[in-house]
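Working notes, structure below.
The values are calculated or read from the model by the stated rules, or taken from the named source; none is laboratory data. Keep in mind the model is a prediction, meaning the values are calculated, not measured. Quick reminder, even Gly has a Cβ in these numbers, built from the backbone with ideal geometry, and neighbours come from all protein chains shown.
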Amino acid sequence: MDARSLSQMSDAALELDLHAAVGRERTSTVESLAFIGEFDARGLHLPAGYPSMFQYCLSELSLSEDSASKRIRAARAARRCPAVLAALAEGGLHLSAVVLLAPRLTPESEDEQIAAASRRSKTQIELMLPERFPSEGGPTTATPVPFDSIADSHAPGHASTPSTHSKVTPLSSGRYRLETTIEQLGYDDLALSKALLPHTSPWCDAAEVMQQALRMLAAHLLKRASSATAKPRAQLREAKGRHVPAAVRREVWQRDGGRCAFVSESGVRCGSNRLVRLDHIVRFAEGGKSTSEILRRLCGPHDQFEVKRRLGAGSPSGSNASHASGRRTGEPFGWPTNMPRGK
Ligand SMILES: [Zn+2]
């Protein structure tokens with residue numbers, strides 16, 4: 001299509017084709033949500049070398065953080081409540097509406113929720129939700145899901161309480177805005193730390209206290225994770241039983257850069273630094289010794305993936321059955337039966 005042919009269309013034809021184009025876009029959005037939901041439920045981002053569906057969407061599907069986050073949340077909601085896909089396809093709900101409803105959607109309430117939000121703008125739904133769910137408290141927001149809150153779960157239905165979301169927004173190079181809610185205990189610790197911190201200016205604010213606290217926490221966790229010691233032993237010792245000597249742990253940590261060493265068949269290395277733990281490449285029961293050559297660091301999701309693979313369960317989430325049924329019907333999971341396919 002070129003811009004010139006559009007400029008020569010009549011007003012009526014232009015309006016008609018605009019509606020048709022948006023309708024096709026809705027149809028393809030629903031289709032991609034169904035595929036994302038099925039792919040996510042099978043955990044296929046793991047063998048592909050990614051610690052989360054979110055990272056897979058960014059790296060392999062070239063989606064933006066916002067787009068990936070919205071689609072994953074909507075796809076997971078649609079796994080629980082497939083009626084949202086039909087509502088999306090018909091135009092009753094837009095994607096932002098599904099994301100707003102997602103944490104509150106249950107199979108029992110989906111029809112009522114969808115009807116209440118139908119044909120409403122995002123702002124109207126944001127205003128409506130506190131009235132319908134007063135017990136949640138706090139501002140309801142559709143929002144920018146914190147990239148890391150969604151990153152390490154591929155469980156369908158994963159959702160956290162909206163009022164507890166924190167948000168990190170880049171402001172400029174090296175500066176970020178952190179918005180969060182803390183409980184009374186956290187507030188008391190913040191006030192006490194501020195009062196006791198030595199060498200700080202009287203106008204030291206919460207951000208400065210938090211930065212110092214985070215530096216101390218990070219150093220503490222890094223030391224524990226890498227088994228770092230002030231005076232590392234020069235000689236590595238072989239393992240006795242399942243025990244892995246601290247010196248070996250340190251060597252593995254340094255070699256893997258403290259990051260997940262899982263590599264997919266196509267050569268994609270995970271590299272996640274979340275929940276990284278030690279893994280025997282050769283199982284202990286198969287004669288693996290705890291020397292650095294047969295050890296590697298794996299993130300939590302890849303650790304679980306490898307455990308299931310070794311147990312012969314195939315891909316996580318028991319996907320063989322759903323895989324077979326998907327092939328049999330030729331339709332992705334959740335495709336509304338009363339909806340026409342894309343033109
Ligand atoms: Zn990993």
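Odds and ends about this structure:
- Whether a residue is crowded, with 18+ Cβ neighbours inside 10 Å and at positive phi was assessed, and G37 does not pass this test.
- Taken over region 9-46, the criterion of being more than 22 Å from R79 (Cα to Cα) and either assigned to a loop (DSSP other than H, G, I, E, B) or within 16 Å of the ligand (Cβ to nearest atom) (or both) is satisfied by M9, S10.
- Test: residue in region 246-259 that is within 16 Å of the ligand (Cβ to nearest atom), β-branched (V, I, T) and at pLDDT 90 or above: no
- Residues of region 262-274 that are within 12 Å of E306 (Cα to Cα) and surrounded by 16 or more Cβ atoms within 10 Å (Cβ to Cβ): F262 alone.
- Residues (surrounded by fewer than 24 Cβ atoms within 10 Å (Cβ to Cβ) and over 16 Å from R24 (Cβ atoms)) located in region 82-95: P82, A83, A86, G92
- Here the condition is being modelled with pLDDT of 95 or more, assigned to a loop (DSSP other than H, G, I, E, B) and crowded, with 22+ Cβ neighbours inside 10 Å; of Y50, Y56, it holds for Y50 alone.
- Taking region 68-147 and the helices (runs of 4 or more DSSP H) fully enclosed by it, the elements with 2 or more residues that are in the same structural domain as Y56 (by TED's automatic domain parsing), of a type in the set (D, E) and at pLDDT below 95 are at 110-117, 122-132.
- Residues (touching a helix residue (DSSP H, G or I) at 6+ places or on another chain (Cβ under 9 Å) and of a type in the set (A, V, I, L, M, F, W, C)) located in region 1-17: L6, M9, L14
- Picking from residues in region 262-276 that are more than 13 Å from S226 (Cα to Cα) and either within 8 Å of the ligand (Cβ to nearest atom) or of a type in the set (S, T, N, Q) (or both), the one that is nearest to the chain's Cα centre (by Cα) is S272.
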